[in-house]
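Following: one structure in structure tokens, then a few remarks.
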Amino acid sequence: MSPKPFINTYTDNRQTRSYLMKKFEAVGISPQTRLGQNFLIDLNLLRLLFESGEIESNDVVLEVGTGTGALTAPMSAAAAMVITVDVDPVMQELAKQELFGKQNVRFLQMDILKNKNTLRQEVLDVVQEELDKVDANGVKRRFKLVSNLPYCIATPLISNLLKLERPPELMCVTIQKELAERITAKPSTKDWGALSLWTQSQCQTEIVRIMPPTVFWPRPKVDSAIVKLVLTEKRRNKIPDLNFFNEFSRAIFFHRRKFLRAGLCSTFKNTITKQRIDEIMDEMQFHTNTRAETLPLKTMLRLCEICRQELLKLPEKERKIL
């Protein structure tokens, strides 16, 4: 299969600033910036976001932030199913009017996050229901995330999706430029941290395009980016315990300016002795002034696994990361 073309079912004046202003005025609403409602009004960038998602006819696409349906429409023309989630009931009603008659769009009006560490089960159940379906030839469906994301949920959404047993095979989203730089950062740079480690341990990551505030309405105060993450099973399979590695990644960078030894002692102060931490430092040939931010992914994975094996020597209830 090959990716489907961008089919713009909107007329040329749709999803422009003037069109949206008139439409919102007619129904008596305005964008809710507290909900992250910044609408992408550049059709070329909307097309680029769509095309970078590489949507095929057996894909189940999750969209978070339905908006007026400007991205939902072309995705529905390409995918097997689009599951689009928005917390704003008024905005989803507008999208439903635009997409009336589309049989392969499922609208969910809710916050996709139950809390910062948990996705809402209702959404995951619908995704799984659609993924369980096969076409007439028995071809299994694939899971993707393609969205102009509300910026306030981008980090927890991406992070929690990667914790799933069956995460998206591809994620292509618009997010803050600063966040995109953290996702794609390299070791020994200011942006290398827990999010870089977590995403790159499972995915190939790239920034597709940097976008100025002028391509959105209302204009955000920061630059944005289209970022693409492609799941790599080979990388993911190298992690023996995903949940442990996720916790380890966050803990080891919690005080990022600390020396690595101090960070390890703080993270495992009730579980691994300082003597054993010193032995681990020697075993991995770390200097006393080594910092976590200088360590590449491969080294971090090895260090995490050594620490995990130490915790496995303890009773299960005591195997905690602070």
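The values are calculated or read from the model by the stated rules, or taken from the named source; none is laboratory data. Please read these numbers as outputs of a predicted model, since none were measured by experiment. Neighbour counts run over all protein chains shown; Cβ positions are idealised from the backbone, glycine included.
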* Structure fact -> Over the range 120-161, the set of residues aromatic (Phe, Trp, Tyr) and modelled with pLDDT of 95 or more is Phe143
* Does Val60 fit the bill of being assigned by TED's automatic domain parsing to the domain that holds Leu119, touching a helix residue (DSSP H, G or I) at 6+ places or on another chain (Cβ under 8 Å) and within 20 Å of Gln128 (Cα to Cα)? -> yes
* Structure fact -> With criteria (1) crowded, with 16+ Cβ neighbours inside 10 Å; (2) in contact with a helix residue (DSSP H, G or I) (Cβ under 7 Å, 6 or more places away or on another chain), Asp223 comes up short on (1)
* So which residues in the range 260-291 are outside any helix (DSSP H, G or I), β-branched (Val, Ile, Thr) and within 30 Å of Thr118 (Cα to Cα)? -> Thr271, Ile272
* **Residue ranges of strands (runs of 3 or more DSSP E) in the range 1-116 with at least 2 members touching a residue at least 40 places away in the same chain (Cβ under 8 Å) and within 23 Å of the chain's Cα centre (by Cα)** => 59-64, 81-86
* Say we look at the range 292-322 and pick out the residues that are touching a residue at least 12 places away in the same chain (Cβ under 8 Å) and outside any helix (DSSP H, G or I); which of these is surrounded by the most Cβ atoms within 10 Å (Cβ to Cβ)? -> Leu295
* To do: Among residues belonging to the range 117-142 that are in contact with a strand residue (DSSP E or B) (Cβ under 6 Å, 6 or more places away or on another chain) and either in a loop (DSSP other than H, G, I, E, B) or not assigned by TED's automatic domain parsing to the domain that holds Leu231 (or both), point out the one that is surrounded by the most Cβ atoms within 10 Å (Cβ to Cβ).
  => Arg141
* If we scan the range 84-94, do we find a residue that is within 30 Å of Phe244 (Cβ to Cβ) and either of a type in the set (D, E, K, R) or in contact with a strand residue (DSSP E or B) (Cβ under 9 Å, 6 or more places away or on another chain) (or both)? -> yes
